[in-house]
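These notes concern the structure reproduced below.
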2 protein chains.
Amino acid sequence: MLGRVNHIAIAVPDLKAATSTYRDMLGAKVSKPQVLAEHGVTVVFVELPNTKIELLEPLGDASPILAFLDKNPSGGMHHVCYEVDDIIAARDRLKQAGARVLGDGEPKTGAHGKPVLFLHPKDFFGTLIELEQV
Amino acid sequence: MLGRVNHIAIAVPDLKAATSTYRDMLGAKVSKPQVLAEHGVTVVFVELPNTKIELLEPLGDASPILAFLDKNPSGGMHHVCYEVDDIIAARDRLKQAGARVLGDGEPKTGAHGKPVLFLHPKDFFGTLIELEQV
C-alpha cells in the first residue's frame, strides 16, 4: 500500500533562518517560500535527489503546527508523507484495521493540490503519517 | 552537499508490534530484525520505492535511543540520514560554518558499514541529522 516517501515535514520557528541553514550550511537546493494560507503554513521545499524536505513555518493563529512548536520551540520532525494509489481504499483498509484517521475521515486537498489524509500518531508509534494520493 | 535521503529512523518501544503495523496495516515490505549490538539497537528496514524507514528498538543498557524513548515513550521520528560523497569534506564545511558534530568529530562505522557522523539537533531546528558517506 505505501508508495514513495513524498516528503518529510520539519516544523521550524523561523523559515528564513532554516532555509539559510539548508541552503548555505548543508548545500541543498531550496525553493522560494510559498504561502499556503488555507493550510496555515508557509513552506520551503528542500529538493533532494530522491525525495524532499518541507520546512514549515506557522501562518496565522489557527496554524496546525502551532501546538507542535509550543511543545518543540526550536522545531522538529513533524510528519512523514507517503504516496498511495487510492486514498479511499487505503483509508478503508486502515480503519478496518483499527487505525484512527484524523478529522472527519474524508480526504482534504493537500498542499500539492492532491487528496490527503492524516493518521493518528498514537496508532503509529508516535509518528504523524500523511497519505497523499498521486 | 546533501545527497539522497538514505533513511528516516523511527524509534519504537516494541519492534515486533511496529513491524506488524508497517507490514500488515500499512502494507509495506519489511525486513527481518537485525541485531546491531555495537550500535545498541535492533533494526527492521521498511523498504519503500525511493528510500527506507528504519524502525529502531533499544538493545542493551547503553542504547543511544534510550533517552529519546524516555522522553517519547510511544516512540517517534528520531533522525534523518542524508548521503554525502565525502564525509570529511562535509564535516569540515559544517564545522567551519559553526555546526556542532556529535562525539569526537571523527566518522564512525555506521549500521550499514559505512562512515557516518551525527550533527547536533540544536543547530538544525530540532532535527538530528546523520550523514553517511556512500
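In table form, for the structure just shown:
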{"quantity": "Members of segment A:63-98 that are on the phi > 0 side of the Ramachandran plot and surrounded by fewer than 18 Cβ atoms within 10 Å (Cβ to Cβ)", "calculated": "A:98"}
{"quantity": "Scan of segment A:103-113 for residues that are outside any loop (DSSP other than H, G, I, E, B) and either loosely packed, with under 12 Cβ neighbours inside 10 Å or among the β-branched types (Val, Ile, Thr) (or both), ordered by number", "calculated": "A:109"}
{"quantity": "Among (1) more than 11 Å from chain A (Cβ to nearest Cβ); (2) on the phi > 0 side of the Ramachandran plot - the single one residue B:54 does not satisfy", "calculated": "(2)"}
{"quantity": "Close pairs from segment A:72-100: first over 17 Å from residue A:132 (Cβ atoms) and more than 8 Å from every other protein chain (Cβ to nearest Cβ), partner assigned to a loop (DSSP other than H, G, I, E, B) and open to solvent by 10 Å² or more (accessible area, probe 1.4 Å), Cβ under 7 Å, at least 6 apart", "calculated": "A:73/A:13; A:100/A:120"}
{"quantity": "Check on residue B:39, touching a residue at least 12 places away in the same chain (Cβ under 8 Å) and open to solvent by less than 20 Å² (accessible area, probe 1.4 Å)", "calculated": "no"}
{"quantity": "Residue selected from segment B:1-20 under the condition surrounded by fewer than 20 Cβ atoms within 10 Å (Cβ to Cβ) and not aliphatic (A, V, I, L, M), by the criterion farthest from residue A:90 (Cα to Cα)", "calculated": "B:3"}
{"quantity": "Contacts under 6 angstrom Cβ, first residue in segment B:11-34 being within 7 Å of chain A (Cβ to nearest Cβ), partner in a helix (DSSP H, G or I), 6 or more apart", "calculated": "B:12/B:18; B:28/B:22"}
{"quantity": "Criterion violated by residue B:10 - all others in (1) under 24 Å from residue A:100 (Cα atoms); (2) assigned to a loop (DSSP other than H, G, I, E, B) satisfied", "calculated": "(2)"}
{"quantity": "Residue in segment A:114-128 that is surrounded by fewer than 16 Cβ atoms within 10 Å (Cβ to Cβ) and in contact (Cβ under 8 Å) with a residue 60 or more places away in the chain present", "calculated": "no"}
{"quantity": "Of all residues in segment B:48-70 being assigned to a strand (DSSP E or B) and in contact with a Ser or Thr (Cβ under 7 Å, 6 or more places away or on another chain), the one that is nearest to residue A:98 (Cα to Cα)", "calculated": "B:55"}
{"quantity": "Enumeration of residues in segment A:71-93 that are in contact with a Lys or Arg (Cβ under 8 Å, 6 or more places away or on another chain) and either assigned to a strand (DSSP E or B) or not polar (S, T, N, Q) (or both)", "calculated": "A:82, A:83"}
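The values are calculated or read from the model by the stated rules, or taken from the named source; none is laboratory data. In this text, all values refer to a predicted model and were calculated from it rather than measured experimentally. Neighbour counts are summed over all protein chains in view; Cβ atoms, including those assigned to glycine, are modelled from backbone coordinates with ideal geometry. When the accessible area is computed, the model is the full protein with side chains, heavy atoms only, and any ligands, DNA or RNA have been set aside. Shrake-Rupley method; radii C 1.70, N 1.55, O 1.52, S 1.80 Å.
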